[in-house]
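Right, one structure below, let's go through it.
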Amino acid sequence: KGFIACKVSGEIGLIGVISPYQGKSIGTALVHNALKWFNKIGIENVTVRTQAGNSKTIKFYKYLGFRVKTIDVTMGKIL
């Protein structure tokens, strides 16, 4: 139904929930379990990255108590 990838350094690298299960609190449960794991191994600061324009994901992480620390935009052009 979903997955979360965490680094021992305190970073949530990737989280995903397949579409039929989105909106059913699975992502929330995954993040809560990851935070418990980080706490258990002594990590006090957890970070996550997402795209600056991904307002849905930013709203999700804010709901879980995360706050925006920095904004990074990478631009490119196909020649």
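Among residues belonging to segment 1-15 that are among the small types (Gly, Ala, Ser) and exposed (fewer than 14 other Cβ atoms within 10 Å of the Cβ), point out the one that is nearest to the chain's Cα centre (by Cα). The residue in question is 13.
From the list 38, 66, 60, the one residue that fits, being under 13 Å from residue 7 (Cα atoms) and of a type in the set (Phe, Trp, Tyr), is 38. Among residues of segment 56-79 that are of a type in the set (S, T, N, Q), those with a beta-carbon under 9 Å from a residue that is open to solvent by less than 100 Å² (accessible area, probe 1.4 Å) and not in a loop (DSSP other than H, G, I, E, B) at least six positions away or on a different chain give the pairs 57/15; 57/48. Count of segment 22-48 residues, restricted to those that are in a loop (DSSP other than H, G, I, E, B) and exposed (fewer than 12 other Cβ atoms within 10 Å of the Cβ), is 6. Within segment 1-34, the set of residues being hydroxyl-bearing (Ser, Thr, Tyr) and either touching a Pro at 6+ places or on another chain (Cβ under 8 Å) or over 19 Å from residue 62 (Cβ atoms) (or both) comprises 9, 19, 21. Candidates 34, 5: the one that is under 22 Å from residue 69 (Cβ atoms), in contact with a Cys (Cβ under 6 Å, 6 or more places away or on another chain) and small (Gly, Ala, Ser) is 34. Residue count for segment 21-43 under the criterion of being in contact (Cβ under 8 Å) with a residue 12 or more places away in the chain, closer than 16 Å to residue 10 by Cβ and over 13 Å from the mean Cα position of the chain (by Cα): the result is 4.
The values are calculated or read from the model by the stated rules, or taken from the named source; none is laboratory data. A quick note: this is a predicted structure, and the numbers were derived from the prediction, not measured. All Cβ positions, glycine included, derive from the backbone under ideal geometry; neighbour counts span all protein chains shown. Each accessible area value is taken on the protein alone, full model and side chains, heavy atoms only, with ligands, DNA and RNA left out. Shrake-Rupley method; radii C 1.70, N 1.55, O 1.52, S 1.80 Å.
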